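The values are calculated or read from the model by the stated rules, or taken from the named source; none is laboratory data. Owing to the predicted nature of the structure, the values given are computational and were not obtained by experimental measurement. All Cβ positions, even for glycine, are placed from backbone atoms using ideal geometry, and neighbour counts span all protein chains on display.
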């Protein structure tokens, strides 16, 4: 396929950058152990590099399908933005409401960009929660051992529009889920929602998929994602997610 693409591009006077073109085989750890050799793809006699991770449009895709490297990069971006704005975020002459608004507008998007498509694990979710809690502790000048729940409750008491990372991610996922289901039944994106990984899972564990993440989001927000009629109305669906956000935050605090 790469060879045909190269031939067609050459026919139209275009060139493929061999240095920037990489090959990545998405596979599980078990299938990787069974693979005898790496794939070999040639263009003009030069072999393309096979990589385990590839960065594209600000995100990192991994060969194992997990978000570990992506979350690590997002955490680094959040800390880098914090240190650039540290003098403002820790300025006692500014109201805490203003500083929290700056946090929401600058640091938070660095961590949650495109999170609506994530199938994030509990470990990675906890790592993101930890970064937010550490930054807020510094802004409030709290003890480093202050529980995350208490930090969030204090931030909410200051009308800072601060919510748990999980609640924000789940809300974004439900918004995008509604957008996908409002597409036509033949749309490729909508058809992929019901796709699952073939094969039989080991030890009775179900294979993780984006659909499973949507079910978890619905449970957190108290929404039945399969039978909710409001999902077909964009305005009503977004309004319901907004009203259910407070209940989701309270449920999260009870669990943690």
inquiry  = Restricting to the stretch 152-164, give me the number of residues that are assigned to a helix (DSSP H, G or I) and either surrounded by fewer than 21 Cβ atoms within 10 Å (Cβ to Cβ) or in the same structural domain as residue 214 (by TED's automatic domain parsing) (or both).
reply    = 4
key: Failed condition for residue 168, given (1) crowded, with 19+ Cβ neighbours inside 10 Å; (2) modelled with pLDDT under 85   = (2)
Only one of 95, 145, 141 that is surrounded by fewer than 16 Cβ atoms within 10 Å (Cβ to Cβ) and at positive phi = 141
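Yes/no per residue for (1) part of a loop (DSSP other than H, G, I, E, B); (2) assigned by TED's automatic domain parsing to the domain that holds residue 116; (3) modelled with pLDDT under 85:
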position: 26; (1), (2), (3): yes, no, yes
position: 33; (1), (2), (3): no, no, yes
position: 36; (1), (2), (3): yes, no, yes
position: 39; (1), (2), (3): yes, no, yes
position: 66; (1), (2), (3): yes, yes, yes
position: 70; (1), (2), (3): no, yes, no
position: 73; (1), (2), (3): no, yes, no
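Looking at the stretch 225-241 only, could you name the residues that are in a helix (DSSP H, G or I) and either in contact with a strand residue (DSSP E or B) (Cβ under 6 Å, 6 or more places away or on another chain) or surrounded by 11 or more Cβ atoms within 10 Å (Cβ to Cβ) (or both)?
Step one: list which residues in the stretch 225-241 are in a helix (DSSP H, G or I), which gives 229-232, 234-241.
Within the stretch 225-241, 230, 231, 232, 234, 236, 237, 238, 239, 240, 241 qualify.
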ask   = Does residue 25 fit the bill of being surrounded by 12 or more Cβ atoms within 10 Å (Cβ to Cβ), out of contact with any strand residue (DSSP E or B) (no Cβ under 6 Å at 6 or more places or on another chain) and more than 18 Å from residue 165 (Cα to Cα)?
value = yes
ask   = Is at least one residue of the stretch 132-150 under 26 Å from residue 254 (Cα atoms), under 17 Å from the mean Cα position of the chain (by Cα) and part of a helix (DSSP H, G or I)?
value = yes
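Residue 122: surrounded by fewer than 16 Cβ atoms within 10 Å (Cβ to Cβ), modelled with pLDDT of 80 or more, out of contact with any helix residue (DSSP H, G or I) (no Cβ under 7 Å at 6 or more places or on another chain) and on the phi > 0 side of the Ramachandran plot, yes or no? Before you say what the answer is, go through the steps one by one.
Numbers: surrounded by fewer than 16 Cβ atoms within 10 Å (Cβ to Cβ): yes; modelled with pLDDT of 80 or more: yes; out of contact with any helix residue (DSSP H, G or I) (no Cβ under 7 Å at 6 or more places or on another chain): yes; on the phi > 0 side of the Ramachandran plot: no.
No: the conditions fail for residue 122.
Check whether at least one residue in the stretch 209-216 is over 19 Å from the mean Cα position of the chain (by Cα), at pLDDT 85 or above, at negative phi and not assigned by TED's automatic domain parsing to the domain that holds residue 116, and report yes or no.
Residues of the stretch 209-216 that are over 19 Å from the mean Cα position of the chain (by Cα), as a first pass: none.
Looking for residues that are over 19 Å from the mean Cα position of the chain (by Cα), at pLDDT 85 or above, at negative phi and not assigned by TED's automatic domain parsing to the domain that holds residue 116, one finds none in the stretch 209-216, hence no.
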